[in-house]
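The values are calculated or read from the model by the stated rules, or taken from the named source; none is laboratory data. Model, not experiment: these values are computed from the prediction. Neighbour counts are summed over all protein chains in view; Cβ atoms, including those assigned to glycine, are modelled from backbone coordinates with ideal geometry.
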Amino acid sequence: MVVKETKLKGCFILQPQVFKDKRGYFIESHNQKAFNDALGLEIDFVQDNESQSSKGVLRGLHYQVGDYAQAKLVRVIKGKVLDVVVDLRPKSPTFGEHLSVELSDKNKTQIFIPRGFAHGFLVLEDETIFSYKCDNFYNKEAETGIIYNDEDLGIDWKLSKNELIISNKDLVLPSFKSFKL
């Protein structure tokens, strides 16, 4: 596994080794010891989530607050997404900055997102399957987010507004200026 820290401190891009032959491929998608050793962290993932979505579905930008904050390890099993993370750590030198990375079943790229970040993704191919591990359990009362098209964040989602499919819940998320951890 190749690990590279991004411009957002504590957020890493992981590239697992892919073994291909005439039968197909094999990857070790997660090894807790190798992961913790490579990142120099002690992360204990306790919940795995998976979603299937059509092209144009935008999910996010989500995060959980307080004792229910979550770190995530995200990847695409099938299809392609534009994955976006936003640094919400007030004391971070990259506070308010975001990172966009294309994740796909072809590139096998993964992103580790530490606690204190908002996360969202835009599905770029039909029938995309997105998978993520969390280091804390989901808590509905602790869930919140930031509106995907926040002017201060200036995220380029790569598709026009009329191509996006967004839940009613995500359409009424607050602005970046009003966020709280």
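Exactly one residue among Lys91, Lys20 is surrounded by fewer than 19 Cβ atoms within 10 Å (Cβ to Cβ), over 27 Å from Thr144 (Cα atoms) and basic (Lys, Arg), and that residue is Lys20.
In the stretch 74-104, how many residues are farther than 21 Å from Trp157 by Cα and in contact with a Phe, Trp or Tyr (Cβ under 9 Å, 6 or more places away or on another chain)?
From the stretch 74-104, those farther than 21 Å from Trp157 by Cα are 89-93; that's our starting set.
Retained after the next criterion (residues that are in contact with a Phe, Trp or Tyr (Cβ under 9 Å, 6 or more places away or on another chain)): 89.
Result for the stretch 74-104: 1.
Set side by side, the residues Asn136, Asn149 differ, and just one is of a type in the set (S, T, N, Q) and either under 17 Å from Leu61 (Cβ atoms) or at pLDDT below 95 (or both), which is Asn149. Cβ-Cβ distances below 9 Å connect the following pairs, each with a first residue in the stretch 50-66 that is more than 13 Å from Asp170 (Cβ to Cβ), a second residue that is among the hydroxyl-bearing types (Ser, Thr, Tyr) and not in a strand (DSSP E or B), and a separation of six or more residues or different chains: Gln64/Tyr138.
Tell me whether the stretch 38-45 contains one or more residues that are in a strand (DSSP E or B) and either touching a Lys or Arg at 6+ places or on another chain (Cβ under 7 Å) or modelled with pLDDT under 95 (or both). No, because not a single residue in the stretch 38-45 is in a strand (DSSP E or B) and either touching a Lys or Arg at 6+ places or on another chain (Cβ under 7 Å) or modelled with pLDDT under 95 (or both).
Only one residue in Leu41, Leu73 is of a type outside the set (Lys, Arg) and under 21 Å from Asn107 (Cβ atoms), so which one is that? Walk me through how you get there before you give the answer.
Numbers: Leu41 fails: under 21 Å from Asn107 (Cβ atoms).
Among Leu41, Leu73, only Leu73 is of a type outside the set (Lys, Arg) and under 21 Å from Asn107 (Cβ atoms).
Which residue is farthest from Gln70 (Cα to Cα), if the candidates are limited to the stretch 80-127 and must be among the charged types (D, E, K, R) and touching an Asp or Glu at 6+ places or on another chain (Cβ under 8 Å)?
At the first step, the residues of the stretch 80-127 found to be among the charged types (D, E, K, R) are 80, 83, 87, 89, 91, 97, 102, 105-106, 108, 115, 125-127.
From what's left, touching an Asp or Glu at 6+ places or on another chain (Cβ under 8 Å): 80, 83, 87, 97, 102, 115.
Working: Lys80: 23, Asp83: 16, Asp87: 13, Glu97: 19, Glu102: 21, Arg115: 5 Å.
Selected residue: Lys80.
Taking (1) in contact (Cβ under 8 Å) with a residue 12 or more places away in the chain; (2) more than 20 Å from Ser167 (Cβ to Cβ); (3) not in a strand (DSSP E or B) in turn, Leu73 satisfies each apart from (3). Apart from one condition, Tyr25 fits all of (1) within 17 Å of Asp135 (Cβ to Cβ); (2) without any contact (Cβ under 8 Å) to a residue 12 or more places away in the chain; (3) assigned to a strand (DSSP E or B); the exception is (1).
If you check Glu50 against the conditions, is it over 22 Å from Ala142 (Cα atoms), in a strand (DSSP E or B) and under 17 Å from the mean Cα position of the chain (by Cα)?
no
When each of Asn136, Asn149 is tested for being out of contact with any Pro (no Cβ under 6 Å at 6 or more places or on another chain) and farther than 25 Å from Met1 by Cα, the lone residue that passes is Asn149. Scanning the stretch 127-170 for residues that are acidic (Asp, Glu), surrounded by 12 or more Cβ atoms within 10 Å (Cβ to Cβ) and touching a strand residue (DSSP E or B) at 6+ places or on another chain (Cβ under 9 Å) gives Asp135, Glu143, Asp150, Asp170.
Can you pull out the residues in the stretch 1-34 that are within 13 Å of Val85 (Cα to Cα) and among the charged types (D, E, K, R)? Break it down into steps so the answer makes sense when it comes.
Initially, the stretch 1-34 is screened for residues within 13 Å of Val85 (Cα to Cα), giving 6-13.
Residues satisfying the conditions are Lys7, Lys9.
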